[in-house]
Amino acid sequence: MTSSNSMWGGRFAAGPSAVMREINASLPFDKRLWQQDVRGSQAHVAMLGQQGIVPADDAAAIADGLAQVAAGYAADGVPEDLSLEDIHMLTEARLAEAIGPAAGRLHTARSRNDQVATDFRLWVRDSIDQVLEALAGFQAALLARAEEHADSVMPGFTHLQSAQPVTLGHHLMAYYEMIARDVSRFRDARARMNLCPLGSAALAGTGFPVDRHATAAALGFDGPTRNSLDSVSDRDFALDYLTAAAQCALHLSRLAEEFVLWASQPFGFVALSDAWSTGSSIMPQKRNPDAAELVRGHSGRITGALVSLMMTMKGLPLAYSKDMQDDKPPTFEAHDLLGLSIAAMTGMVESASFRTQRMRQVAEAGFSTATDLADWLVREAGLPFREAHHVTGRAVAAAEDAGLALHELSLGQLQAIDQRIDGRVYDVLSVDASVASRTSFGGTAPANVRAAIAAARGGETT
């Protein structure tokens, strides 16, 4: 390799050694693990001292030195020295600067393989806790707006065609249920990953009399992992996290897409606040739902992060391979994007101005109570459903020809279609009557919506 190669140029003028240093180093991204690395090392050295594997004075000095290193990182950031390769080697080098040769005892009975596996688990666990807190805020926003609009009628769609009227509160509660499943997935992932790899060493365990249960407890794990080979080669915990993140991002993207549609002039269902939209560079009348569009776009990148790590892991033999260094960038990126997406959707839900009169107008214009007429004909007039469906189709055609909503047709007009229709039919033909009648468990009736909100706030299953 020569410096004349335009791909390498001055950055890699030193030739292959410069390229190897660059490709091998993970410090530019794994420096995010510094807090977890220090926590893991503190637990490890405390155990080494308790077990008599290192002298008590050295263990105490190492613990004090690690605290100094952490304070330096917190104050000044983590420096990038690619010659030190990763956060683990950098921390040990900083420790040596702080306390001298005793720092070399820290790595007793430990490998970077079990060290990084522990650090990364700690980071993913912390990230899940952050996501759960953010999702709780999003759910609270959904519940508040759903309660506000438990009676607000809007069109319900299938195939993006007006189908049956629902309430806006019911619609928002559908997203609450989606997020509740996401919360469940994140909690499941957290519970499943909460075992500690520390003490597995490179791949086979260690001959030192370590107490893996002690380090696991010190780090808040339920116990140690059970197989040293699996411990250092497992990244299922990151895949579980990314799977839950991708599913959550898809749910956020669906609501984002609805906001994009609803904010458009043909729909006119919602006005997004200035905080969550932008103007056009040349069209002053426009307010673009950029935040919603970016959430929609982020779902692709988060799903891509999941696929990226799956492809990295799919063919790796036991135990550790350097490919696994690429586990962290997609996980870090997905976490950052998911946090932004949750925050953005929470803000949009909290601040959106829902145009309920427009929603009602569209619900009434789309013959969305046709199913109610068909159901009434079956229930009250005794028609077979297929015949009722045919009669209802004729009623819709008549209303469309007359430029009326179904409930605006006179009784005479309805009886001209079928004599078995009587005045009781008007109890179900308005959109308000329609939604009020949907009282089956999980239905859109305002009373159901309020009950679902109360159950959600009480921690019950709706």
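The values are calculated or read from the model by the stated rules, or taken from the named source; none is laboratory data. Bear in mind the structure is a predicted one, so any value in this text is a computation, not a measurement. In this analysis, Cβ positions are derived from the backbone assuming ideal geometry, glycine residues included, and neighbour counts consider all displayed protein chains. Only protein heavy atoms, including side chains, enter the accessible area calculation; ligands, DNA and RNA are left aside. Shrake-Rupley method; radii C 1.70, N 1.55, O 1.52, S 1.80 Å.
Assorted remarks:
- Each helix, a run of at least 4 DSSP H residues, gives -39500 (n - 2.57); summed and divided by the residues of the chain, these come to -20500 deg cm²/dmol at 222 nm.
- Label-point separation in nm, residue 57 to residue 161, each point 7 Å along Cα→Cβ: 8.6 nm
- Peptides 378-387, 69-78, 337-346 ranked from most to least packed by the mean count of surrounding Cβ atoms within 10 Å: 337-346, 69-78, 378-387.
- Separation of alpha-carbon centers, the stretch 304-326 and the stretch 407-462, rounded to whole Å: 53 Å
- Pairs of Lys residues in the chain that lie 8 or more places apart, or on two chains, and have C-alpha atoms under 28 angstrom apart add up to 5.
- Between residue 380 and residue 24, the contour length at 0.36 nm per residue exceeds the Cα-Cα span by 120.6 nm.
- Gap separating the Cα centres of the stretch 94-118 and the stretch 338-394, nearest whole Å: 63 Å
- Residue 394-residue 307 FRET efficiency (beta carbon distance; Förster radius 45 Å; 0.05 resolution): 0.30
- Taking amide hydrogens as placed 1.01 Å from N in the peptide plane, the amide H of residue 154 sits under 5 Å from those of 166, 167, 168, each at least 5 positions away in sequence or on another chain.
- Working note: Karplus 6.51/-1.76/1.60 with θ = phi - 60° gives the stretch 338-353 the couplings 5, x, 4, 5, 5, 4, 5, 5, 4, x, 5, 5, 5, 9, 5, 9 Hz, where Gly and Pro are set to x.
- Relative to the Cα centre, the charge distribution of the chain, modelled as +1 at Lys and Arg Cβ and -1 at Asp and Glu Cβ, gives a dipole magnitude of about 400 debye.
- The share of accessible area on the chain that comes from carbon and sulfur is 53 percent, using a 1.4 angstrom probe.
- Counting 0.36 nm for each residue step from residue 427 to residue 410 and taking away their Cα separation leaves a gain of 4.8 nm.
- Cα-derived Rg over Rh, computed across the stretch 164-215 with Rh taken as Kirkwood radius: 1.46
- Distance cut-off 19 Å, percentage of C-alpha pairs in the stretch 362-458 lying past it: 43 percent
- Mean accessible surface per residue for the chain, computed with a 1.4 Å probe while every protein chain stays in place, in Å²: 45 Å²
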